[in-house]
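*Asks:* Structure incoming, see below.
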Amino acid sequence: MSNTELLEIVIYDLKVKPMQSGYQPIRLETNRGNIDFCYYPVSGTQYGAIWVGGVGGGWDTPANGLYPQLCQELMGDGIASLRVRYRQPKILQESVFDVLAGISYLESEGIKAVALTGHSFGGAVVIQAAAISQAVRTVVTLATQSYGATAVSQLAPGCEILLIHGTVDRVLTSACSEYVYQLAHEPKRLILYEGADHSLNQVAEDVYQVVRDLIVQKLN
């Protein structure tokens, strides 16, 4: 997907509902369908993070609720967050569009630097989105697939990628992240957790700390 295709999107309406549980439900109505976000705003910030799950869609999150936990806690570090629910979670190009639309929304809120995190299928989604958007400063993939992730070689200079995978993942083997790592340019890092499966629940505390530290470092 190109920047030209992104600019061709027609936004019909933006519906922002009252805050609930620390976030604002937002619906972006476009000519390609409605995109739902959970927005964790921080007044006046220039930093934001986007979080996406896998092909299951919905508000999927790995590592024992990693996404909502970090969305809440990063607000205290001056970083706003946006969780994205795919319109068509099994279609890579459309899911990349959803993330790019999320980046555009954050930019409309005054955010200039963004971190992207994706689990499983979402790893390829955030890699492709980061290869297009100049606002992205860092990418985190959690148990990523390798299909669709070759765009990692097109990340902007200085855009760091962190790949995390469990060694007993039976959905997508750790070889997927190792392959993507080989294609990536520096700065890059690969962490393989012994005994962790696709959910990364077994190492949730470690994943939480590593991901939080990287995002805070790159965005502040």
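The values are calculated or read from the model by the stated rules, or taken from the named source; none is laboratory data. In this text the structure is predicted, and so the values were computed from the model without any measurement. So basically every Cβ, Gly included, is an ideal-geometry build from the backbone, and we count neighbours across all protein chains shown.
*Asks:* Within the group 181, 147, which residue is part of a helix (DSSP H, G or I) and either touching a residue at least 40 places away in the same chain (Cβ under 8 Å) or not charged (D, E, K, R) (or both)? Let's see the steps before the verdict.
*Replies:* Details: 147 fails: part of a helix (DSSP H, G or I).
Just a single option satisfies the conditions, and that option is 181.
*Asks:* Is one or more of the residues making up region 114-133 within 29 Å of residue 46 (Cβ to Cβ), in contact with a Lys or Arg (Cβ under 7 Å, 6 or more places away or on another chain) and surrounded by fewer than 24 Cβ atoms within 10 Å (Cβ to Cβ)?
*Replies:* Step one: of region 114-133, the residues within 29 Å of residue 46 (Cβ to Cβ) are 114-119, 122-133.
From what's left, in contact with a Lys or Arg (Cβ under 7 Å, 6 or more places away or on another chain): 114-115.
The next check asks that each one be surrounded by fewer than 24 Cβ atoms within 10 Å (Cβ to Cβ); those that pass are none.
No, that holds for no residue.
*Asks:* Let me ask something else. If you scan region 97-127, which residues turn out to be closer than 18 Å to residue 60 by Cβ and of a type in the set (S, T, N, Q)?
*Replies:* If the condition is that a residue be closer than 18 Å to residue 60 by Cβ and of a type in the set (S, T, N, Q), then 117, 120 are the ones that fit.
*Asks:* While we're on this one: Would you confirm, using the coordinates I've provided, whether residue 218 is at pLDDT 95 or above, touching a helix residue (DSSP H, G or I) at 6+ places or on another chain (Cβ under 7 Å) and under 17 Å from residue 116 (Cβ atoms)?
*Replies:* Working: at pLDDT 95 or above: yes; touching a helix residue (DSSP H, G or I) at 6+ places or on another chain (Cβ under 7 Å): no; under 17 Å from residue 116 (Cβ atoms): yes.
No; evaluated as a whole, the condition is false for this residue.
*Asks:* Cβ-Cβ under 9 Å, sequence separation 6+ or interchain: first residue in region 77-103 and over 16 Å from residue 50 (Cα atoms), partner buried (at least 24 other Cβ atoms within 10 Å of the Cβ) and aliphatic (A, V, I, L, M). Which pairs?
*Replies:* 92/124; 92/125
*Asks:* Would region 148-157 turn up any residue that is modelled with pLDDT of 95 or more, under 22 Å from residue 63 (Cβ atoms) and surrounded by 20 or more Cβ atoms within 10 Å (Cβ to Cβ)?
*Replies:* Yes, because at least one residue in region 148-157 is modelled with pLDDT of 95 or more, under 22 Å from residue 63 (Cβ atoms) and surrounded by 20 or more Cβ atoms within 10 Å (Cβ to Cβ).
*Asks:* Among the residues of region 139-164, write down those that are over 14 Å from residue 124 (Cα atoms) and under 17 Å from the mean Cα position of the chain (by Cα).
*Replies:* Our first condition is that a residue be over 14 Å from residue 124 (Cα atoms); within region 139-164, this holds for 156-160.
Within region 139-164, 156, 159, 160 meet the criteria.
*Asks:* Of these, 205, 186, which one is part of a helix (DSSP H, G or I) and at pLDDT 95 or above?
*Replies:* 205
*Asks:* Pick from region 158-197 the residues that are in contact with a Lys or Arg (Cβ under 9 Å, 6 or more places away or on another chain) and among the acidic types (Asp, Glu): which of them is surrounded by the fewest Cβ atoms within 10 Å (Cβ to Cβ)?
*Replies:* Filtering first and then ranking leaves 197.
*Asks:* What is the residue count in region 88-99 for residues that are at pLDDT below 95, surrounded by fewer than 24 Cβ atoms within 10 Å (Cβ to Cβ) and assigned to a helix (DSSP H, G or I)?
*Replies:* Number satisfying all stated conditions: 2.
*Asks:* Moving on to the next point. Any chance you could count how many residues in region 189-202 are touching a Phe, Trp or Tyr at 6+ places or on another chain (Cβ under 8 Å) and in a loop (DSSP other than H, G, I, E, B)?
*Replies:* Residues meeting the conditions: 1.
*Asks:* Quick one: which of 60, 77 is farther than 13 Å from residue 102 by Cβ and touching a helix residue (DSSP H, G or I) at 6+ places or on another chain (Cβ under 6 Å)? Walk me through it before giving the result.
*Replies:* On the way: 60 fails: touching a helix residue (DSSP H, G or I) at 6+ places or on another chain (Cβ under 6 Å).
So the residue among 60, 77 that is farther than 13 Å from residue 102 by Cβ and touching a helix residue (DSSP H, G or I) at 6+ places or on another chain (Cβ under 6 Å) is 77.
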